[in-house]
Number of protein chains: 2
Amino acid sequence: MGRMDTPATTRPTAPSHLTIGEVARRARVGIDTIRYYEREGLLPPSPRRASGYRDFGGDTVERLRFIRRAKDLGFSLGEIRELLALSSDRERGVRDVKRRAQARLAGIEERIRELQSVRRGLKQLIAACPGHGPLEHCPILRALGGEDRA
Amino acid sequence: MGRMDTPATTRPTAPSHLTIGEVARRARVGIDTIRYYEREGLLPPSPRRASGYRDFGGDTVERLRFIRRAKDLGFSLGEIRELLALSSDRERGVRDVKRRAQARLAGIEERIRELQSVRRGLKQLIAACPGHGPLEHCPILRALGGEDRA
DNA sequence: CTAACCCCTGGACCATGGTCCAGAGTCAAG
DNA sequence: CTTGACTCTGGACCATGGTCCAGGGGTTAG
């Protein structure tokens, strides 16, 4: 049965009875990864068929895609779990969800600032490096090897 | 994050017989980390005293600082091992070091762009979220794929 | 009914980058 | 000489993010 590809043009229409393998193909992750995410609390424990097989709904595919995208962007699974937790926190409500999203935003902005600082430093070093000549004159090596000046 | 500037003027004289503990304190890394780096080939096997104690020269301290700073710039230990090899390669050293620094810079800039994209999306969601009312109307939750069926 | 799949669990294993520990030897001060 | 701080080794352990395997059972087409 060569259903390797989801049509992609048509609406996924979330069929509500998928096996773990079908979910894995649709979300483009490994089967073991799905079970791992379940263990780690990134996916809720799925309902089971009489056989013990996991019985997923199409929303799981969405959730896995979200996880994959977030992971590609450098979020840790812990961070992703937190992002996902925003969507199941009926107790504390929208207000808390918004507050936590803002906290996450602040974290992202902090990380951006750090990386920008690194980028500035690296850019300067590269600009100052002639790309040839004696090692002693390479500003990159000198910066890395220099004394601490805290 | 490490400083980028090079003093280059002072060479506060590396004492040439340091124990691993003295090196660790000077380089601000753990003793175990030094032994780990030696095992991993980031430090050459140190000479030993008659007792078996490692006997470091002050250059090791500089090398460790180099490693720490490169790590701060996002180089992996594997990449750092290569950088260290280049830094003692008179033929290709400077040119390759510059190239690798440029590659690292490109990686950092890529990550910055990704995070900025995330930030934009998250900002929009936060702006659109009223901060109260039913969860179903929260744009943040809707964007994340919403419901949890447990 | 029998293949050929699929799925289940628990646990081992991988890389990365360390950190810690036990048991034994070394070194310097008092 | 004793004490306490230091060092040695090999190996266990940690977190992260999976991946694979054995030994079972489920399911489906021919």
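The values are calculated or read from the model by the stated rules, or taken from the named source; none is laboratory data. Only a predicted model underlies this, so the values are computations on that prediction, with no experimental measurement involved. In this analysis, Cβ positions are derived from the backbone assuming ideal geometry, glycine residues included, and neighbour counts consider all displayed protein chains. The protein model used for the area step is the full one, side chains on, heavy atoms only, and it has no ligands, DNA or RNA in it. Shrake-Rupley method; radii C 1.70, N 1.55, O 1.52, S 1.80 Å.
Below is a table of values for the structure above.
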quantity	calculated
Accessible surface of A:PHE66 - all protein chains present, 1.4 Å probe, nearest 10 Å²	30
Reachable lysines from B:LYS123, criterion Cα separation under 16 angstrom, eight or more residues apart if same chain	A:LYS98
Per-copy distances of the A:ARG69 label point, shortest first, in nm (7 angstrom along Cα→Cβ)	4.0
Hull shadow area, averaged, the range B:41-140 [alpha-carbon convex hull, nm²]	11.3
Pairwise burial B:A, computed as accessible area of each alone minus the pair, summed, 1.4 Å, Å²	5700
Label distances, nm, A:GLY41 versus same residue in remaining copies, Cβ-directed 7 Å point	4.0
Förster-model FRET efficiency, 41 Å R0, A:HIS137 and B:ASP32, C-beta, rounded to 0.05	0.70
Whole-number D in µm² s⁻¹ for the range B:20-88, Kirkwood Cα-pair radius fed into Stokes-Einstein, 10 °C, 1.306 mPa s	130
